[in-house]
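Have a look at the structure below, then the notes.
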Amino acid sequence: MKNHISKMDKPLLILMIIYSILGLIMILSASSVSAVLRYNVSSSYFFVRQLIFVMIGFILGFGLIIHMPTSKYKVFTPILVIGIIVALAGLFIYGKITNGAQSWYDLGFFSLQPAEFAKSIIIVYMAVFYNRSLKKKKSLYYNLIPVAVSILIFILVAMQPDLGGAIIIAGISFFLFNIVPINKKGKMKLIKVGAIAIVLAGIALLYSGADILNAMQMSRLEFRNPCSRYTEDTGYQVCNGFIAIHNGGWFGRGLGNSTQKYLYLPEAHTDFIFPILVEELGLVSGILVVIGYGIILYRILKIAKKADNPRGSILAYGTFLLLLFHLLVNFMGILALIPLTGVPVPFLSYGGSFTINVLIMCFVVQRVAIETTTNQTKREIAMLGKK
C-alpha cells in the first residue's frame with residue numbers, strides 16, 4: 001500500500017480529499033433546510049448518505065483500484081459494456097421517474113443511475129479496445145466499433161430523457177476517438193460525413209413535424225435573461241442562482257447562512273451547489289474553487305501525456321474530459337450561457353452514482369500514474385545495469 005501511495009500524484013490526491021471534504025460540508029449546509037421541509041427527513045440526511053458514498057469511493061480506490069493493473073481491465077470490459085447497455089434499456093421498464101426523466105433504479109437504500117457509470121465504462125472500453133487495435137494495426141472501420149457502441153449508449157441515455165448525460169457521453173466519445181492515432185485522413189473524412197449526416201437528419205426531423213423534445217426539454221431552450229421569467233419554470237431556478245451569487249459578495253454571508261437554500265433553489269445540494277457555496281463563502285472562495293478544479297484537470301492531463309501506453313493515456317484523457325464536461329455544462333447552465341440540463345458538479349454535488357463514479361475514475365488515473373512511475377524506474381534500473 002505504502003509503495004503504491006508513494007507513486008501516486010500527490011497534488012491530485014490532496015485535492016481529491018480536500019474537494020470531497022468541501023463537498024460534504026456544503027451538502028450539509030445546502031440540504032439542511034430542504035431535507036426537513038421538503039423531504040421530511042433529518043437535516044443531516046443527505047450529508048450522512050453522501051459521507052457513505054465518499055467512503056465507498058475511497059475504499060474502492062485505495063483497496064482495489066490502485067492495486068489492479070490496467071492491463072487486467074480487458075478481462076471484465078466486455079461484461080461491463082453488455083451490462084450497462086442492458087441496464088440502460090431496462091430503465092424503460094423498471095426505471096423510476098424523477099423530474100421528468102426515467103433514469104434511476106430504486107433499490108430502496110440507494111437509487112442507481114446507470115448513465116453515470118456508462119460514461120466511465122465507455123472510457124475504459126475505448127482504452128482497452130484501442131490499446132489492442134493499435135498494436136495489431138487494425139483497419140479504420142474496425143476501429144469504429146467503440147464509436148458504434150457509444151452511439152447506442154448515447155441514444156439510450158437521450159431517450160430517458162437525460163440530455164445532459166447524453167451530451168457528455170457524446171463529447172467524451174468524440175474527443176477520445178480523435179485522440180487515438182489511427183488513419184488521420186480517413187478519420188477526418190468519416191467525421192465530415194458524420195457531421196453532414198447529423199445536419200441532414202436534424203433538418204429532416206425539423207421538417208417532419210415530429211416532437212423531438214418533450215415540453216420540459218423545450219422549455220429549457222429558453223435560458224437567456226432568466227430573471228425576466230422569474231415566475232416561470234424556465235427562469236425561476238437560474239434566477240435564484242444569480243441571487244445567491246449576488247448575495248455572497250466577495251467574502252460571503254458565512255457558512256450556513258444562505259437564504260436561497262430555503263426552498264428558493266429546489267436542487268440546492270445537487271445542481272446548484274456552487275451558487276450556494278458562493279453565497280455562503282463568497283466570490284473569492286468560488287474563484288479559488290474554480291482554480292482548484294483547473295489544477296485537478298492539469299494534473300490529470302499531465303498523467304495522460306506521460307502514460308507509457310495508449311490504454312493509460314486514454315483512461316486519463318477520458319477522465320479529464322469527464323470532469324471538464326461536467327464542470328462546463330453545470331457552470332454554463334447556472335450562468336444562463338446554455339440551457340440548464342441538471343448536470344452535477346464533481347466532488348461537490350450530492351449523488352451516489354455520480355460521486356462513486358468520479359472517485360473511481362480519479363483513482364484509475366492514479367493507477368496510471370503508478371504504472372508510469374514503476375515502468376520509468378524499471379527502465380532506469382535496466383539502463384544502469386547495462387552500464
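Taking R0 as 45 Å, what FRET efficiency do you get between ILE151 and LEU384 from their Cβ-Cβ distance, rounded to the nearest 0.05? Mind dumping the intermediate values first?
Numbers: r = 49 Å, r/R0 = 1.09.
It comes to 0.35.
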### Task
Could you check how many percent of all C-alpha pairs in the range 244-387 are farther apart than 26 Å?
38 percent
### Query
Simple spin-label model, 7 Å along Cα-to-Cβ: ILE338 to ILE97 in nm?
2.7 nm
### Query
the chain: Rg/Rh from Cα coordinates, Kirkwood Rh?
0.98
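For the range 328-387, calculate the relative contact order in percent as a whole number, restricting contacts to Cα pairs under 8 Å that are 6 or more residues apart.
Computed value for the range 328-387: 16 percent relative contact order.
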### Task
Could you check which residue among GLY342, GLY286, GLY249 shows the biggest mean-square fluctuation in a GNM of the chain with a 10 Å Cα cutoff?
GLY249
### Summary
Ordered by fewest other Cβ atoms within 10 Å, a rough proxy for footprinting exposure, SER120, SER44 read SER44, SER120
### Query
the range 244-315: which chymotrypsin sites (Phe, Trp or Tyr not before Pro) are DSSP loop and have at most 16 other beta-carbon atoms within 10 angstrom?
TRP250, PHE251, TYR262
### Query
Fully extended, how many nm does the chain gain between VAL48 and LEU64 (0.36 nm per residue separation, minus their Cα-Cα distance)?
3.4 nm
### Query
Can you pull out the chymotrypsin sites (Phe, Trp or Tyr not before Pro) in the range 95-171 that DSSP calls coil and that have at most 12 other Cβ atoms within 10 Å?
PHE109, TYR141
#### Entry: Between the range 62-78 and the range 322-387, the alpha-carbon center distance in angstrom
16 Å
### Task
Quick one: of LYS72/LYS302; LYS2/LYS135; LYS137/LYS305; LYS119/LYS261; LYS10/LYS306; LYS7/LYS136, which pairs are farther than 25 Å apart, Cα to Cα?
LYS2/LYS135; LYS119/LYS261; LYS7/LYS136
### Query
Once the other residues with Cβ under 12 Å from the Cβ of VAL368 are scored (Lys, Arg +1; Asp, Glu -1), what is the net sum?
+4
### Message
I want to verify a result. In a Gaussian network model of the chain, Cα cutoff 10 Å, which of these has the top mean-square fluctuation: ILE97, ILE66, ILE167?
### Response
ILE97
### Summary
Ranked by GNM mean-square fluctuation in the chain (Cα springs under 10 Å), the top entry among PRO181, PRO69, PRO114 is PRO181
### Message
So for the chain, averaging the separation of alpha carbon pairs under 8 Å that are six or more residues apart and normalising by length, what relative contact order in percent results?
### Response
27 percent
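The numbers here are math on the coordinates, done by the rules we state, and not lab data. Note that the coordinates shown come from a computational prediction; the quantities given were computed from them, not determined experimentally. Cβ atoms come from the backbone with ideal geometry, glycine included; neighbour counts cover every protein chain shown.
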